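Comments concern the structure below.
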């Protein structure tokens, strides 16, 4: 696993588990992150949400900490933070604790993810919690718009499904299947531990090895590959819903995490809609007064990606706001003036550098790269790549990605027809 960062130390244990250690002597904390190749891309449609269900169940009890309160108290009792998250391509469990308690953090996280009890009654309780979580998304139009847009960008495939699944799929997952899925998917060869903070390298490796010595696991399954949508794929998705605001998301296919042009794309989306000095914010909020929340961002996955623009507006202003956002999106193709490009470069660099003062961010930075891409870049290397992007590259990339035929639009709000949005969806 190539790396050129002298602060990053790597080792592969005898069982195939990769361990990353990033000493941060100035810090007073340590973050321990366990990454697993488990997420919606690894699921059959009938089992949509099983990765998320397993994640929840791991917090319900383990041999050393047999109840959810005991697990929480172990970390919160020392002022630490324990959490987890499931995404399309991975599941991560992490604990951030004062440096003196790193051994406890490793023990707790390893015990709950490698030896969860999966008590039947507790699983049913957590199944109900997830059903409430799905109901909450239904009542959150902004989140719902993301789900609708994903289905337009990646139709009929795992990437287009809600990571948490559907109420029907979550209800149908048997306990025994959840147990087998964790056993098969949580394997040393497709996982890693990333430790960052006030800890010595040898101590980090020793803790990782000791905590994962007795690990029973299966063979694992590969993720579903990206499939380009057909030209007949719907371009607009409307989820009619009575609400005080309309929530719109404009989407375009983006770039994979392997594509070298992703650094240029990050500059483009920052110019477009990251921060209060971005073009979308200045135009739609400051000048036109059409939106309170408007922003843009890109997502980079193993073999595909996306560009997204979000608008929260009064329903009566939905079409004018959408047209204004599309004007800004199309205007990116005309080029970025040198002064604006310099400002955006400094903005991106500053955000990254400030973020890397936190042990959780450092653990995530290296762990996510290593798991998904089998390589790591330091922040300084990314800064160099951002600095190397020239205006010509930006213009060529914008012209290649920002196209009428690629536009998709998700709408959540009190509308009877999607036809007006179809007619307005052009650059």
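Bear in mind that the values in this text are calculations on the coordinates, not laboratory data. These numbers come from a predicted model, not from an experiment. Quick reminder, even Gly has a Cβ in these numbers, built from the backbone with ideal geometry, and neighbours come from all protein chains shown.
Structure data summary
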| read-out | value |
| --- | --- |
| Selected from 354, 131, 284 as most flexible by GNM, with the chain as the system and alpha-carbon contacts under 10 Å | 354 |
| Gaussian network model of the chain, Cα within-10 Å springs - most flexible of 19, 81, 54 | 81 |
| Length released on extending from residue 419 to residue 381, taking residue separation times 0.36 nm less the Cα-Cα span | 9.0 nm |
| Angle in degrees between helix 262-273 and the longest Cα principal axis of the chain, rounded to the nearest 10 | 60 degrees |
| Proxy reagent accessibility, fewest Cβ within 10 Å first, across 399, 261 | 399, 261 |
| Residues 125, 241, sorted so that the one with the fewest Cβ neighbours within 10 Å comes first | 125, 241 |
| Fully extended contour minus Cα-Cα distance, from residue 46 to residue 67, at 0.36 nm per residue | 4.6 nm |
| Diffusion constant of the stretch 9-211 at 25 °C, which comes from Stokes-Einstein with the Kirkwood Cα-pair radius and 0.890 mPa s, µm²/s | 138 µm²/s |
| Gyration tensor (alpha-carbon) shape descriptor, the stretch 263-412, a/c threshold 1.5 | prolate |
| GNM result for the chain, Cα springs below 10 Å: residue of 213, 41, 235 fluctuating most strongly | 213 |
| Inter-probe distance in nm under a simple model that places probes 7 Å from Cα toward Cβ, at residue 172 and residue 115 | 3.5 nm |
| Packing rank of 152-162, 222-232, 64-74, where each peptide gets the mean count of other beta carbons within 10 Å, highest leading | 152-162, 64-74, 222-232 |
| Normalised per residue, the volume of the convex hull around the Cα set of the chain (Å³) | 145 Å³ |
| Ascending count of other beta-carbon atoms within 10 Å, so fewest first, for 352, 24 | 352, 24 |
| Kirkwood Rh (inverse of mean 1/r, distinct Cα pairs), the stretch 216-265, angstrom | 15.9 Å |
| Helix axis angle, 201-211 relative to the chain longest principal axis, alpha carbon, degrees | 70 degrees |
| Packing rank of 415-424, 141-150, where each peptide gets the mean count of other beta carbons within 10 Å, highest leading | 141-150, 415-424 |
| Simple label model, 7 Å out from Cα along Cβ direction - residue 349 to residue 222, nm | 4.1 nm |
